[in-house]
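Following: one structure in structure tokens, then a few remarks.
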Amino acid sequence: MGTVIKKKIAGKKETVLFIMLCWLTYSCSYIGRLNLSASMSEMVADGIFLKSQAGAVTTGYFLCYGGGQFLSGWLGDKFRPRFLIFIGLLLSAACNFCISLEPPLWLLATLWSLNGLSLSLLWAPLIKMTSDRVSSGRRRKACTALATTMAAGTLMSYLLCAALIKEFGWHASFYVPAVIAAVIAFLWIFLTTRIERDADKTGIDELPACREATDDGEEVPHDEVPTKLFPLLAVSGLLTLTLVAGVQSILKDCTSTWAPTFLTDAYQLDSVTSILFGTLLPVFGLLGPYMANWIMRRVNDELTSIFWLFIISSGALALLVLLGKYSLGIAVFCLALTYACSLGQNMLLVGTIPMYFLNIGRVAGVTGVLNASAYFSAAAMSLLTGIMVEHVGWDFTMTIWVALSLAASALCVVSRRKWKKFRRNLF
């Protein structure tokens, strides 16, 4: 399957405006997805659900978000991405508003799962739209900027929810994000329609990149690279990378989702204070994509970069298990470093790597598969985390995270040669 090569946005200012709009849209979407974790301690105290039930509610979200990635990837390669993002934001706004009305637990869980499905319509179309409209020379900077949306959105969500809970209670941490999502949705569709229309009229044409010359006799000719999605994943080594993406997501989402609850349990902090301490994770996490780029410039290989980030996060988590319960500063630092590493890995796995598939029209599809694996894994671990914390405590739970991080680093070593070989078939 080929792809229609669309005109790139002409001019640096116009490109920066587009990237800023993408950044704002995805960052704000986090306000309506992390508000549950930011409000979790308060909702448990209010009798809305138990901790184990909270794990089940977040699992439903991750399952629907992960499953929606397949749909999002397929739709993103076939339909206009901007409309998918618009629909996703509006549906998320509706779900958050309904939860603010304090529905019964079964309905709350259903609405939160639907919120996951709605938000799954954002990332793969966003990466597809960026690869379509941003020139190759500016694409890496665009990926780096978009990777910081997760940290920025987490920071926005935690700070806003802490203020809302303190002044108005946990209900406000759902209806205010609903209003924000609706406003951003209409701003998005209005501005991106104009930007794409201008690009179609006055944009620049950019020819597909040529494959690097190589004397490796094992290389598959460029015209024999499979275009069907799952054969493509098998040949490229990305089937193994789906497992790596799963571990990366476990570390990213478990640290961001459960950090406030861990700090409350370990140090008897009130819910607002623990949320505020949790904001240090995304502040530090903003450095993650830049740390990944720093490593990438030195090793010039995505999987080697991801490997070293896993090694760093493994050390941080091990330190957390050994010393985190004795020092709040050490605990927050270790969680923040793990979160930063996971954001750098996320940028490479679901931002940089999928863009190699632009010339064969599989950017959104590959993004969707990697993201689906990531969030299915996070769904399972979110449920297990709630159960393990209640029955065996935080030390055992975090030791499992250390083991997963080390296993993922080994998978990077196993997959590296196959991926590098395949990458030369595309460029």
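Numbers at a glance
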item: Positive-end residue, region 88-172 charge dipole about Cα centroid, Cβ charges, pick of L111, T154, A142; result: A142
item: Taking all pairs of distinct alpha-carbon atoms in region 5-84, Kirkwood radius in angstrom; result: 15.8
item: Whole-percent carbon and sulfur share, accessible surface of region 318-427, 1.4 Å; result: 71
item: Equivalent ellipsoid dimensions for region 84-191 as semi-axes, Å, which come from the Cα gyration tensor, largest first; result: 29, 16, 12
item: Globularity ratio of region 294-386, using Cα Rg and 2.2 N^0.38 Å; result: 1.29
item: Gained length - A45 relative to S136, 0.36 nm times residue gap less alpha-carbon distance; result: 27.7 nm
item: Alpha carbon centroid spacing (whole Å) that separates region 367-427 from region 85-122; result: 26
item: Furthest towards positive pole of dipole, L90, I195, F396, structure part the chain, Cβ charges; result: I195
item: Region 265-370 - charge dipole about Cα centre, Lys and Arg +1 at Cβ, Asp and Glu -1, debye rounded to 20; result: 220
item: Label-point separation in nm, I87 to L71, each point 7 Å along Cα→Cβ; result: 0.8
item: Region 268-320 versus region 142-204: alpha-carbon centroid distance in Å; result: 23
item: E167 paired with R197, simple spin-label distance in nm, labels 7 Å along Cα-to-beta-carbon; result: 3.8
item: Counting all C-alpha pairs of region 40-86, share separated by more than 15 Å (%); result: 59
item: Angle in degrees between helix 288-299 and the longest Cα principal axis of the chain, rounded to the nearest 10; result: 40
item: Value of D in µm² per second that Stokes-Einstein yields for the chain, Kirkwood Rh from Cα pairs, at 37 °C (0.692 mPa s); result: 152
item: Cα-based helix-to-principal-axis angle, 81-100 vs the chain, degrees rounded to 10; result: 10
item: Helix axis angle, 394-426 relative to the chain longest principal axis, alpha carbon, degrees; result: 10
item: Which of M381, L406, G169, positive extreme of dipole for the chain (C-beta unit charges); result: L406
item: Mean accessible surface per residue for the chain, computed with a 1.4 Å probe while every protein chain stays in place, in Å²; result: 39
item: Spacing of the two label points (7 Å from each Cα toward its C-beta) at L328 and A266, in nm; result: 1.2
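The values are calculated or read from the model by the stated rules, or taken from the named source; none is laboratory data. As the structure is a computational prediction, the values presented were derived from the model and not from experiment. Here the Cβ is made from the backbone with ideal geometry for all residues, glycine too, and neighbour counts use every protein chain on show. Side chains are part of the model used for accessible areas, which takes the heavy atoms of the whole protein and leaves out ligands, DNA and RNA. Shrake-Rupley method; radii C 1.70, N 1.55, O 1.52, S 1.80 Å.
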